[in-house]
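These notes concern the structure reproduced below.
The values are calculated or read from the model by the stated rules, or taken from the named source; none is laboratory data. Since the structure is predicted, the reported quantities are computational estimates derived from the model, not experimental observations. All Cβ positions, even for glycine, are placed from backbone atoms using ideal geometry, and neighbour counts span all protein chains on display. Only protein heavy atoms, including side chains, enter the accessible area calculation; ligands, DNA and RNA are left aside. Shrake-Rupley method; radii C 1.70, N 1.55, O 1.52, S 1.80 Å.
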Amino acid sequence: MPDASAVLSHETRFRVRYAETDQMGVVYYANYLIWMELGRAEYCRSAGIRYRDMEVDDGVLLAVVEAHCRYLHPARYDEEIAVKTWVAKANHRMVEFEYEIRNAKSSRQLASGSTKHIFLGTDMRRVKLPGKYLPLFGITSVPART
């Protein structure tokens, strides 16, 4: 597994698809949450870990328990979008990602947001994150046993 501790943030770029726009010609608001998911998955991938591997190999699921998005300016069809993703807070039971969504050409901030996740096992019960994933989320200490 690569040294995930070196990943402080990751930027993902893509173009707005026509299907993502609404009748007003701007990106439909719910798509920003999808873009956050894309940024989150690519953040993990840049650290050498795929969501799928966490689920299949270790039975660890990341369940969204909170999502926030602050919309500042509209995005439009065919604009290039940059989603910057980083871990804001994490411990052995949860992780919170933050996002900055910008127009890649102008650097104008379009939105900001966050998502909070808990770690679940395949039985949908809370679990502690396996040690090999701790650096990915910036967790440096092992919790004391009680």
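Do we have residue 53 as out of contact with any helix residue (DSSP H, G or I) (no Cβ under 6 Å at 6 or more places or on another chain), of a type outside the set (Phe, Trp, Tyr) and farther than 30 Å from residue 21 by Cα here? Against the criterion (out of contact with any helix residue (DSSP H, G or I) (no Cβ under 6 Å at 6 or more places or on another chain), of a type outside the set (Phe, Trp, Tyr) and farther than 30 Å from residue 21 by Cα), residue 53 qualifies.
Scanning the range 21-30 for residues that are surrounded by 17 or more Cβ atoms within 10 Å (Cβ to Cβ) and either farther than 12 Å from residue 74 by Cα or in contact with an Asp or Glu (Cβ under 7 Å, 6 or more places away or on another chain) (or both) yields one hit, 27.
I'd like to check something: does the range 26-36 contain any residue that is free of Cβ contacts under 8 Å to residues at least 24 places away in the same chain, farther than 16 Å from residue 99 by Cα and hydrophobic (A, V, I, L, M, F, W, C)? Looking for residues that are free of Cβ contacts under 8 Å to residues at least 24 places away in the same chain, farther than 16 Å from residue 99 by Cα and hydrophobic (A, V, I, L, M, F, W, C), one finds none in the range 26-36, hence no.
In the range 49-94, of all residues being touching a residue at least 60 places away in the same chain (Cβ under 8 Å) and part of a loop (DSSP other than H, G, I, E, B), the one that is surrounded by the fewest Cβ atoms within 10 Å (Cβ to Cβ) corresponds to 78. Within the bounds of the range 31-39, is there any residue that is open to solvent by 40 Å² or more (accessible area, probe 1.4 Å), more than 17 Å from residue 120 (Cβ to Cβ), of a type outside the set (A, V, I, L, M, F, W, C) and at pLDDT 95 or above? No.
If I filter the range 17-71 down to residues being of a type in the set (Phe, Trp, Tyr) and over 14 Å from the mean Cα position of the chain (by Cα), which single residue comes out as nearest to residue 139 (Cα to Cα)? Selected residue: 71. Out of the residues in the range 114-146 that are at pLDDT 95 or above and outside any loop (DSSP other than H, G, I, E, B), which is surrounded by the fewest Cβ atoms within 10 Å (Cβ to Cβ)? Taking the candidates together, the pick is 126. Taken over the range 11-48, the criterion of being part of a helix (DSSP H, G or I) and over 24 Å from residue 87 (Cα atoms) is satisfied by 18, 19, 20.
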